[in-house]
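K.L.:
Mind having a look at this structure? Questions to follow.
The values are calculated or read from the model by the stated rules, or taken from the named source; none is laboratory data. Predicted, not measured: the structure shown is a model, and the values here were computed from it. Note: ideal-geometry Cβ built from the backbone for every residue, glycine included; neighbour counts use all protein chains shown.
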Amino acid sequence: MAAPFNIPSTIIVGGGASNEVGAQAKRFGVKKALLVTDSYMESCGLAGKVADSMKGVGVNVTVFAGVQPDPTDLNVLEGLEVLRRNDCGMVVGLGGGSPMDCAKAISVMSVNDPPISRYAGLHKVPRKGVPIITIPTTAGTGAEVTKVVVIGDTRRNVKMMILDINLMADVALVDYELTMSCPPSLTANVGVDTLVHAVEAYVSVKANPMTDPFALSSIRLVSENLLTAFKEPDSAEARRGMTLASLHAGIAFPNSSVCLVHGMSRPIGALYHVPHGLSNAVLFPTVTEFSISGAPERYAAVSRTMGYSTEADSEDYANERLVAGLRKLNDDLQIPRLGKACEVDLPTFDENIVKMANDSLASGSPSNNPVIPTAEQIVDLYHKAW
Ligand SMILES: [Fe+2]
């Protein structure tokens, strides 16, 4: 089947890539830019450094550091108000997935009618907004190169997924040096999220010849670098590998799709405010075990690429090793079970579990999974991951 493939027109990769922000901003011919980030990036001085780099080439910068983890429609509205008040002609998203998604959403809402919820789903954003530069500081969500944002809808208490080419950054600056100070637990959570992106892109019913090579490259890079990045945060080699893994997964999954892990993860984030990477990580081994029968040869290739099995092993054995390997990876990275991550007791969790299963199915992601689950099966999977 024919499939489109979209990536930003400029991706600059390597140590020091973020220093290019001024030169890249200047290309758009704007006088003022909105730097969208969070309070940590502001307090640690990185936001100031990026702003100085742009001011150095004559682009004035207003900093909006009000993005919360897993941003909501209210964050987008607040940032949009700052953009308009200061007459900013472009946005720069600096940080993890949250500030980058918020920056991308502010850009499209600068030219499209509110509310943002009307654009939830696929290909519904009519117009491209002001230019976007993305600079990730974690590895990673891949948000620097995706045409997707996930924004909380505060009215309905769900996470909206909005996918549209108009959300694509014009320039992504991928600088592993910015990830060196990422703390181990965050490195673990977003690192497994990267692996989920790559594996879901590879096993999805929408996988295609342009996404497979990036997905497999990302899986290999995670297997070679994630544990080292977690245990030895100062390893530049591991940080460089994970940044590339995140980038390759970020190229693969929006051009294929995510599947059931992401579908089940978003309701957990919306209701229990579990960070995105962690909510994916806690579900990953259980959902993989459930899904293998729909694409056993693809999952076996994942197992071999991860080094959990070899070409000489049977498909069944490779897939057994994959599930065991992913469970051990979570243990090694000190990723908790679902119950601990949600910080509620099971009866409380069960009060919402049918809504969560239905919200998961309504997001559309489970329909791309190698095995398409029923709502009852999703309830069962939440319990198995508990
Ligand atoms: Fe993700």
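K.L.:
Step by step: first the residues of segment 105-135, then only those that are part of a loop (DSSP other than H, G, I, E, B) and of a type in the set (A, V, I, L, M, F, W, C), then the one that is farthest from the chain's Cα centre (by Cα). Which residue is that?
P.N.:
Initial filter on segment 105-135 (part of a loop (DSSP other than H, G, I, E, B)): 110-115, 120, 123-131.
Keeping just the survivors that are of a type in the set (A, V, I, L, M, F, W, C) gives 111, 120, 125, 130.
Details: V111: 25, A120: 17, V125: 20, V130: 22 Å.
Looking at the filtered set, the residue picked out is V111.
K.L.:
Take L271 and decide whether it is modelled with pLDDT under 95, farther than 29 Å from A229 by Cα and part of a helix (DSSP H, G or I). Don't jump to the end; show me each part of the working.
P.N.:
Working: modelled with pLDDT under 95: yes; farther than 29 Å from A229 by Cα: yes; part of a helix (DSSP H, G or I): yes.
Taking the combined requirement at face value, the residue satisfies it.
K.L.:
What are the pairs, 6+ residues apart or on separate chains, where a residue within segment 137-160 that is within 16 Å of the ligand (Cβ to nearest atom) has its Cβ under 7 Å from a residue that is among the acidic types (D, E) and part of a loop (DSSP other than H, G, I, E, B)?
P.N.:
Matching pairs, first to second residue: K147/D164; G152/D70.
K.L.:
Quick check on segment 175-215: of everything there that is surrounded by 24 or more Cβ atoms within 10 Å (Cβ to Cβ) and charged (D, E, K, R), which residue is nearest to the ligand (Cβ to nearest atom)?
P.N.:
If we take residues in segment 175-215 being surrounded by 24 or more Cβ atoms within 10 Å (Cβ to Cβ) and charged (D, E, K, R), then D193 is nearest to the ligand (Cβ to nearest atom).
K.L.:
Within segment 59-104, which residues are of a type in the set (G, A, S), more than 20 Å from the chain's Cα centre (by Cα) and part of a helix (DSSP H, G or I)?
P.N.:
Selection gives G79 alone.
K.L.:
For segment 162-175, check the following and say yes or no: at least one residue is touching a Gly at 6+ places or on another chain (Cβ under 6 Å) and either closer than 15 Å to N255 by Cβ or touching a residue at least 12 places away in the same chain (Cβ under 8 Å) (or both). Spell out how you get there, then give the answer.
P.N.:
Keep residues of segment 162-175 that are touching a Gly at 6+ places or on another chain (Cβ under 6 Å), which gives none.
No, every residue in segment 162-175 fails to be touching a Gly at 6+ places or on another chain (Cβ under 6 Å) and either closer than 15 Å to N255 by Cβ or touching a residue at least 12 places away in the same chain (Cβ under 8 Å) (or both).
K.L.:
Kindly indicate whether any position in segment 360-379 is in a helix (DSSP H, G or I), within 16 Å of the ligand (Cβ to nearest atom) and within 18 Å of L227 (Cα to Cα).
P.N.:
Initial filter on segment 360-379 (in a helix (DSSP H, G or I)): 360-362, 365-368, 375-379.
Add one more test, that the residue is within 16 Å of the ligand (Cβ to nearest atom), and what stays is 360, 365-366, 368.
Pick out the ones that are also within 18 Å of L227 (Cα to Cα) and you get none.
No, there is no match, as no residue in segment 360-379 is in a helix (DSSP H, G or I), within 16 Å of the ligand (Cβ to nearest atom) and within 18 Å of L227 (Cα to Cα).
K.L.:
Further question: Any idea which of (1) modelled with pLDDT of 95 or more; (2) under 24 Å from T72 (Cβ atoms); (3) among the acidic types (D, E) is the one D359 doesn't satisfy?
P.N.:
(1) is the only condition that D359 fails.
K.L.:
Also, quick follow-up: Mind telling me which of the residues G364, G307, G325 ends up being on the phi < 0 side of the Ramachandran plot and either within 23 Å of the chain's Cα centre (by Cα) or not basic (K, R) (or both)? Step through it out loud before you land on a result.
P.N.:
Numbers: G364 fails: on the phi < 0 side of the Ramachandran plot; G307 fails: on the phi < 0 side of the Ramachandran plot.
Result: G325 is the single residue among G364, G307, G325 that is on the phi < 0 side of the Ramachandran plot and either within 23 Å of the chain's Cα centre (by Cα) or not basic (K, R) (or both).
K.L.:
Scan segment 115-123 and give yes if some residue there is surrounded by 15 or more Cβ atoms within 10 Å (Cβ to Cβ), out of contact with any Cys (no Cβ under 8 Å at 6 or more places or on another chain) and farther than 24 Å from L271 by Cα, otherwise no.
P.N.:
Within segment 115-123, not a single residue is surrounded by 15 or more Cβ atoms within 10 Å (Cβ to Cβ), out of contact with any Cys (no Cβ under 8 Å at 6 or more places or on another chain) and farther than 24 Å from L271 by Cα.
K.L.:
Kindly establish whether A172 is more than 16 Å from the ligand (Cβ to nearest atom), in contact with an Asp or Glu (Cβ under 7 Å, 6 or more places away or on another chain) and closer than 30 Å to R127 by Cβ. Lay out the reasoning, then the answer.
P.N.:
Numbers: more than 16 Å from the ligand (Cβ to nearest atom): yes; in contact with an Asp or Glu (Cβ under 7 Å, 6 or more places away or on another chain): yes; closer than 30 Å to R127 by Cβ: yes.
Taking the combined requirement at face value, the residue satisfies it.
K.L.:
For segment 225-258, name all the residues that are assigned to a loop (DSSP other than H, G, I, E, B) and away from the ligand (no atom under 11 Å from the Cβ). If you could, list the steps in order and put the result at the bottom.
P.N.:
Going residue by residue through segment 225-258, those that are assigned to a loop (DSSP other than H, G, I, E, B) are 232-235, 256-258.
The answer is E232, P233, D234, S235, S256, S257.
K.L.:
Let me ask another. Quick check: anything in segment 47-55 in contact with a strand residue (DSSP E or B) (Cβ under 6 Å, 6 or more places away or on another chain), within 16 Å of P136 (Cβ to Cβ), in a helix (DSSP H, G or I) and without any contact (Cβ under 8 Å) to a residue 60 or more places away in the chain?
P.N.:
Yes - at least one qualifying residue is present in segment 47-55.
K.L.:
Additional query: Taking segment 336-355 as the search range and keeping residues that are basic (K, R) and assigned to a helix (DSSP H, G or I), which one is surrounded by the fewest Cβ atoms within 10 Å (Cβ to Cβ)? Give the derivation first.
P.N.:
Applying the first criterion (basic (K, R)) to segment 336-355 yields 337, 340, 355.
Those still in the list that are assigned to a helix (DSSP H, G or I) too: 340, 355.
Working: K340: 10, K355: 14.
That would be K340.
K.L.:
Examine segment 137-155 for a residue that is of a type outside the set (F, W, Y), in a helix (DSSP H, G or I) and over 16 Å from the mean Cα position of the chain (by Cα), and state whether such a residue exists.
P.N.:
Filtering segment 137-155 for residues of a type outside the set (F, W, Y) gives 137-155.
Keeping just the survivors that are in a helix (DSSP H, G or I) gives none.
Checking segment 137-155: not a single residue is of a type outside the set (F, W, Y), in a helix (DSSP H, G or I) and over 16 Å from the mean Cα position of the chain (by Cα).
K.L.:
Between P370, P296, which is over 19 Å from M264 (Cα atoms), in contact (Cβ under 8 Å) with a residue 12 or more places away in the chain and out of contact with any Pro (no Cβ under 6 Å at 6 or more places or on another chain)? So that I can check it myself, show each step before the final result.
P.N.:
Values: P370 fails: over 19 Å from M264 (Cα atoms).
Being over 19 Å from M264 (Cα atoms), in contact (Cβ under 8 Å) with a residue 12 or more places away in the chain and out of contact with any Pro (no Cβ under 6 Å at 6 or more places or on another chain) holds for just one of P370, P296, which is P296.
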